[in-house]
Each structure stands twice: as C-alpha cells, then as structure tokens.
1. Can you confirm whether Gly22 is more than 23 Å from Phe109 (Cα to Cα), in a loop (DSSP other than H, G, I, E, B) and either at pLDDT 95 or above or not charged (D, E, K, R) (or both)?
2. How many of the residues making up segment 112-121 are out of contact with any Lys or Arg (no Cβ under 6 Å at 6 or more places or on another chain) and part of a strand (DSSP E or B)?
3. Report yes if Ile66 is of a type in the set (A, V, I, L, M, F, W, C), more than 26 Å from Lys144 (Cβ to Cβ) and touching a Leu at 6+ places or on another chain (Cβ under 6 Å), otherwise no.
4. Do we have any residue at all in segment 8-16 that's within 20 Å of Ile128 (Cβ to Cβ), polar (S, T, N, Q) and either out of contact with any Pro (no Cβ under 9 Å at 6 or more places or on another chain) or in a strand (DSSP E or B) (or both)?
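The values are calculated or read from the model by the stated rules, or taken from the named source; none is laboratory data. What you see is a predicted model; the values in this text were computed from it and never measured. Backbone-built Cβ (ideal geometry, glycine too); neighbour counts: all protein chains shown.
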Amino acid sequence: MIIKSYGNLKHNSYKISQLKVGKKVKIIKKIDNKFLEESLVYLKDSHPVHKSTEWAKKLGFKKKIIPGFAITSFFSNLIGTRLPGIYCVIMNLNFNFKHPVYVNDNLIFICKIINIYKNFKVVKLELIVKKNKKNIILGLANCKILK
C-alpha cells in the first residue's frame, strides 16, 4: 500500500495489482442531530419523516429518521480515500435499507472487496452498515481502478 498525503489528509493509492479479495476497511460514526440538520439542507430533503417525530411515529418509526442517502454518503469517502482509494471511481452503487437510522445511533461502515475483474480493472465491493451488531444497510458497488 502506498499512502499519499494531500494537505493534512492521507489517502490510500492501491493499484489493481495490489488489491486482494477479502481486504476490508471500516469506520465508526456517531450520527448526531447536527449531521441530520446539515444533511437535510444539503439534500434539500423536506420530508416530514426526517423533521417530525410525531409524523415518523404515524409511519411506524420510533422517532424521526436520518435520510438513507445521508448515511450511505459515508461510503463515498471510504471508497475514494481508503479502499480502493484515490485511483478508483465508483461505477455504480446499490443499497438495501433494512432498518432505520436515528439521531445518536453508533454505526459501523464496512467496505470489503468481494471480487476483482483484473482484465477490466474493476473491483466489486460489499458495503455494510451495522448498528448494534445488526446489518441495517446492505450494498454493492463496482469501482473502476484507473492504475
């Protein structure tokens, strides 16, 4: 692995020949109210399920929920800086949302290589978000490795 530094940030710069099936990285994030509020502004999402506990309860949730796209956005950074790193671009993503995310949830984001198509310089990634040891979001991504 080669670590490149951009400002104060360090990024992985794996080439296709350096990647192996089974390699994975994970990060842990606590989702706070500030993240929810900033996400709603950025996404321009005004759905009441994200703003009103009363409305969320009408829909069967315990309280207001975090937008799914806000949660899965952590994978953009994880993929682009950690695994596979700065020589990759995301070709496609697919997510299944099994359970909601609430303010103050502690989440584990896992990115794991499950297949490598060396002739095409493409890797397939399994993407998992866990809460309390339970898979709450499952996803797949294909990424083009440019070196």
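1. Details: more than 23 Å from Phe109 (Cα to Cα): no; in a loop (DSSP other than H, G, I, E, B): yes; either at pLDDT 95 or above or not charged (D, E, K, R) (or both): yes.
No, not satisfied.
2. Selection size over segment 112-121: 2.
3. So Ile66 fits the description; yes.
4. yes
Each row is one residue, and each column tells you yes or no for (1) touching a Phe, Trp or Tyr at 6+ places or on another chain (Cβ under 9 Å); (2) of a type outside the set (Ser, Thr, Tyr); (3) at pLDDT 95 or above.
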{"position": "Leu43", "(1), (2), (3)": "yes, yes, no"}
{"position": "Ser46", "(1), (2), (3)": "no, no, no"}
{"position": "Lys57", "(1), (2), (3)": "no, yes, yes"}
{"position": "Thr72", "(1), (2), (3)": "yes, no, yes"}
{"position": "Val101", "(1), (2), (3)": "no, yes, yes"}
{"position": "Leu127", "(1), (2), (3)": "yes, yes, yes"}
{"position": "Ile137", "(1), (2), (3)": "yes, yes, yes"}
